[in-house]
Every structure is written in C-alpha cells, then in structure tokens.
Number of protein chains: 2
Amino acid sequence: MVGNRRPAGRPRTRILNREVITDAARRIITSDGVPALTMTRLAQRLSVTPSALYNHATSKQEILRWIVDSIMGEVDASAFDTEPWREATRAWAASYRDVMVAHAELISSVATIEVIDSPRTVAMYERVVSGLHRAGFPFEACLPFIAALESFIYGSAFNELAPADIFDPGDEGDVAPNFVAAVEASQRGRNPREINDELFDIGLTAFVESSAERLGVC
Amino acid sequence: MVGNRRPAGRPRTRILNREVITDAARRIITSDGVPALTMTRLAQRLSVTPSALYNHATSKQEILRWIVDSIMGEVDASAFDTEPWREATRAWAASYRDVMVAHAELISSVATIEVIDSPRTVAMYERVVSGLHRAGFPFEACLPFIAALESFIYGSAFNELAPADIFDPGDEGDVAPNFVAAVEASQRGRNPREINDELFDIGLTAFVESSAERLGVC
DNA sequence: ACCTGAACACCGTTCAAGT
DNA sequence: ACCTGAACACCGTTCAAGT
C-alpha cells in the first residue's frame with residue numbers, strides 16, 4: 001500500500017467505469033480463470049480498494065453480466081444482413097460456438113444470465129431475428145429456434161471444456177468392458193476436437209433442415 | 001451446541017459415510033439450492049462438526065462428485081438391454097433430459113466433472129455403449145455419438161433453467177424492434193416448456209437419423 | 001461524487017487434541 | 001478410527017469517514 005501512493009499534488013483522475021472494470025475483469029479471467037476473479041483481485045488490478053468498486057457496480061453479479069455482454073459482442077451475426085438464412089445461421093452458430101469454446105468457463109453464466117442492460121447481446125439478437133423474419137420465419141418461431149440452437153452450441157462447447165480424461169472409468173473398469181473398449185477406441189482414433197467439430201456440423205445441419213421443413217420456410 | 005449432547009453412557013454410533021453424506025447434501029440442494037450447500041450446513045444436518053466431514057471426503061469437490069454420480073444413477077438406460085437402438089436412444093435421452101431438468105443447477109457440474117469413483121455413471125455408459133455396439137456402432141463411434149447427444153441434452157435442459165425473462169431487453173428495446181416483437185410473440189404463444197420439448201424431439205430425431213446414415217448403421 | 005479503512009458474516013480446509 | 005474446537009486465509013458486501 002505504501003508503494004502505491006500517488007505523487008503529491010497530482011490530481012486524482014477518476015478511472016473507474018463499466019468499461020474499465022469489465023476489461024480488467026476479463027483480463028483476470030483470461031490469465032487465471034474464473035475462480036481467480038475476486039473483488040479484491042479486481043480492485044488490486046485497478047489500483048483501488050475493493051469497496052471502491054461498489055460505487056460503480058451493485059454487486060459482483062452485475063460485473064459478471066457486463067463480462068457476458070462484452071463476450072457476446074464478439075459473436076459475429078453480421079451474415080444475417082447479407083446472406084440467405086441457412087448460410088447466415090451456420091456462420092452465426094459457428095462464430096457463437098467459437099466464442100463459447102474460448103470462454104468455456106463462462107458458458108453456464110452466458111446460458112442463464114438475464115439479458116438486462118446488455119446492449120451488445122440485444123444487438124446480436126436483433127440482427128438474428130431480423131434476418132430470420134425477413135426469410136419468412138414467423139416472429140413466434142424465432143426465439144424457440146434460437147434457443148434450441150443455443151442449446152446445441154452450449155452443449156457442444158461444453159464437450160471442449162470437459163477434461164480429456166472425463167471418461168476414465170478408473171476402478172470400475174472391470175465391470176464395464178464395453179465402455180472401456182469405447183474409451184480406448186476413441187483415444188486411438190482421430191483428434192477428439194476434430195470429431196467434436198464434425199458432429200457439431202452434422203447436428204446443426206440436421207436441426208436447421210428439419211426446422212425449416214416443419215416451419216414451411218424455404 | 002449444549003442441547004445437542006448425547007445421553008451419557010450411550011455409545012457413539014459412527015454415522016458418517018459416503019451414502020449418508022451424499023443423501024444429506026442432496027436434500028440440502030433440493031430444498032435450498034446449490035449455493036446453500038456449504039460444509040457447515042451439511043455438517044449441521046448430520047449433527048456433526050464441519051471438520052468431521054474431512055474424515056470421509058477429501059474435499060467439497062469430492063462430495064460434489066458423489067452427488068453427481070447419485071443423480072446419474074437416476075437416468076434410465078435400461079431400454080438398451082431390450083429395445084432397438086433408435087428407440088433405446090430416444091428413451092435414454094428423454095430420461096437423461098428429465099433428470100437434468102430436475103437438477104438444472106448441477107448441469108455444469110455433471111457436464112464437466114471427471115468420471116472417477118462413479119459406479120452408477122460408469123454403469124450407465126456401459127449399458128449405452130453395449131447397446132450401440134450390438135446395433136452395429138463401431139467402438140470408436142460410440143463416445144462421440146454419446147457426447148454429442150449429451151451436448152444437446154445439457155443445452156436443452158439449460159433452456160429450462162434460464163429465467164423466464166431471460167429475453168427481456170429492458171432499456172435497449174427501442175433499438176431492437178424485431179427482437180422485441182419476437183419476445184412478445186413468444187409470450188403470447190404456447191407454453192415455452194412445450195415448445196422446448198418439441199424442439200428437443202426434433203433435434204434429437206434429426207441428429208440420430210443423420211448419424212445413422214453417416215455411420216452406415218441401420 | 002468517489003475513495004479509504006475497518007468491520008461483518010460468512011467460506012473451505014487444516015490440525016492438534018481428545019476419545 | 002473418528003470427532004471436536006480453534007485457527008487460518010480467504011470470500012462479498014456495508015458503511016462511516018474523509019476529500
């Protein structure tokens with residue numbers, strides 16, 4: 001604390017705001033993971049006292065919402081402005097999934113946090129809904145369609161987050177011979193990430209096509 | 001603490017073990033949610049000191065693994081013993097999803113926790129893999145297929161966990177007219193849970209069929 | 001308006017001491 | 001072998017006091 005003192009006479013510049021706090025928080029998560037994001041740690045990085053943060057955010061939860069909105073801003077939904085809806089959907093889903101994989105630790109937050117005071121998130125949904133509606137989707141079908149796609153995206157990204165040895169049966173192996181054979185066959189086989197990607201693509205296509213058929217969109 | 005004293009002379013009966021601890025922990029989660037599960041709270045319910053728990057579990061994380069394995073034991077994979085693989089897969093996925101919806105708060109734990117010392121979880125996978133392999137799935141295709149289905153299951157259950165007003169755009173509404181229209185149309189429409197169920201079914205069928213085709217399984 | 005410093009009510013975990 | 005009680009190093013949050 002002593003070494004942290006400003007030179008005398010230099011005016012204190014207010015430095016704390018949503019953007020700066022969000023940025024610092026994201027950097028902590030990137031370098032040391034979500035559990036490392038504590039109010040103390042965040043305050044330290046901003047050269048400030050933990051209690052100072054509460055002049056700008058009402059809670060740690062609110063800061064988490066800022067982070068999620070910031071991340072959602074990285075999802076590219078621009079294809080909906082120009083491309084046919086199938087291509088746009090595929091491009092958007094791929095980008096969404098990439099972003100989720102890059103921030104896998106936060107998926108459960110992304111999936112469950114309320115869309116409140118989240119301009120980037122709202123902007124993304126606006127783009128997607130506009131594109132779908134222009135393509136002939138009735139309004140009432142848009143959100144369910146989006147939500148179902150998000151299901152698949154979150155789940156698929158989870159597979160990337162799961163530890164590589166998530167399927168190690170350990171002591172139980174002798175009573176589960178087929179399971180063990182499957183685990184070993186997978187390990188000898190192709191890159192799991194590659195397989196994961198391919199299955200994501202298969203599932204996505206299957207869902208998009210069957211939805212289109214059911215909704216009568218062409 | 002004073003009122004908690006045992007009658008003098010009654011021998012102390014060892015009462016703590018994996019099953020008892022898991023049970024108590026699950027009851028706390030059921031009644032008051034995952035955040036309510038603290039070592040102190042758990043010890044209280046077992047009429048014991050928090051530190052006593054560490055004679056049976058090495059950490060809270062281990063207790064969480066016990067809980068997850070206990071929950072996985074509720075997933076019904078028995079159809080794989082008797083039914084054709086398509087029907088078995090559908091029944092298993094439906095049961096799996098029901099269980100996840102009932103324990104939505106724990107989905108991220110279920111999805112990411114290692115399968116270690118988890119007899120019920122291993123038993124479930126053994127059943128599924130056996131059924132798929134008997135139906136003609138090569139071993140190396142089993143786990144990717146299962147993992148992709150789990151993706152969809154977790155994601156779909158997440159939709160049930162998400163707060164009803166997750167799509168409330170708030171102040172941003174005026175700049176997102178299409179999004180707002182979609183939100184309103186959804187609210188006026190059918191029961192969201194019903195729609196969610198239907199989309200789960202569509203996605204599941206689509207994925208199962210396209211996988212079968214790709215793997216050459218009939 | 002914004003920040004500090006002290007305090008509060010918690011966490012999970014460790015460990016010497018008891019039986 | 002198993003439990004207690006005290007202690008440790010943390011959490012997020014509040015609030016009077018300063019500027």
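Bear in mind that the values in this text are calculations on the coordinates, not laboratory data. It should be emphasised that the depicted structure is a prediction, and the values quoted were computed from it without experimental measurement. Virtual Cβ from ideal backbone geometry, glycine too; neighbours counted across all protein chains shown.
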Debye, to nearest 20: dipole size of the protein assembly as shown, +1 on Lys, Arg Cβ, -1 on Asp, Glu Cβ: 2500
Once Rh is set to the Kirkwood radius over Cα pairs, what Stokes-Einstein translational diffusion coefficient, in µm²/s, holds for region A:39-154 at a temperature of 25 °C and a viscosity of 0.890 mPa s? 158
What number, rounded to the nearest 500 deg cm²/dmol, is the helix-based mean residue ellipticity at 222 nm of chain B, given -39500 (n - 2.57) per DSSP H run of at least four residues and division by all its residues? -20500 deg cm²/dmol
For an R0 of 30 angstrom, estimate the FRET efficiency from the Cβ-Cβ distance between B:Asp32 and A:Arg41 and round to the nearest 0.05. 0.55
Give me a single rounded figure for A:96-108: the average over its residues of other chain Cβ atoms within 10 Å of their Cβ. 1
Measuring nothing but label to label, 7 Å from Cα along Cα→Cβ, what are B:Ala135's distances to the other copies in nm, shortest first? 3.0
What whole number of Å gives the distance from the Cα centroid of region B:48-102 to the Cα centroid of region A:59-131? 31
I'd like the Karplus ³J(HN,Hα) series for region B:64-76: coefficients 6.51, -1.76, 1.60, θ = phi - 60°, whole numbers in Hz, and an x wherever there's a Gly or Pro. 4, 5, 4, 4, 4, 4, 4, 5, 4, x, 8, 6, 8
Per residue, what volume in Å³ does the convex hull of the Cα atoms of the protein assembly as shown enclose? 204
Estimated inter-spin distance, B:Thr205 and B:Asp81, nm [label 7 Å along Cα→Cβ]: 2.9
Could I have the simple spin-label model distance between A:Gln187 and B:Arg214, label points 7 Å from Cα toward Cβ, reported in nm to one decimal? 2.4
Going by amide H atoms built from the backbone, whose H comes under 5 Å of the H on B:Asp117, apart from near neighbours? A:Asp171, A:Glu172
Defining the label point at 7 Å along Cα→Cβ, can you sort the distances from A:Gly73 to the same site in each other copy, shortest first, in nm? 4.8
Nm distances between the label at B:Ile15 and the same-position labels in the remaining copies, 7 Å along Cα→Cβ, shortest first? 5.4
Tell me which GluC sites (Glu not before Pro) from region A:63-133 have a DSSP coil assignment and no more than 15 other beta carbons within 10 Å of their own. A:Glu74
If you take the Cα Rg of chain A and divide it by 2.2 N^0.38 Å, with N the number of residues, what do you get? 1.30
Footprinting exposure proxy for B:Val208, B:Val128 (fewest neighbouring C-beta atoms within 10 Å first): B:Val208, B:Val128
Specify which residue in the list B:Ile113, B:Ile28, B:Leu132 is farthest towards the positive end of the charge dipole of chain B, using unit charges on the beta carbon of Lys, Arg (+1) and Asp, Glu (-1), about the Cα centre. B:Ile28
To the nearest 0.05, the calculated FRET efficiency linking A:Arg18 and B:Glu19 through their beta-carbon distance, R0 being 41 Å, is 0.30
Given a cut-off of under 8 Å on Cα pairs at least six residues apart, what relative contact order in percent is computed for chain A? 16
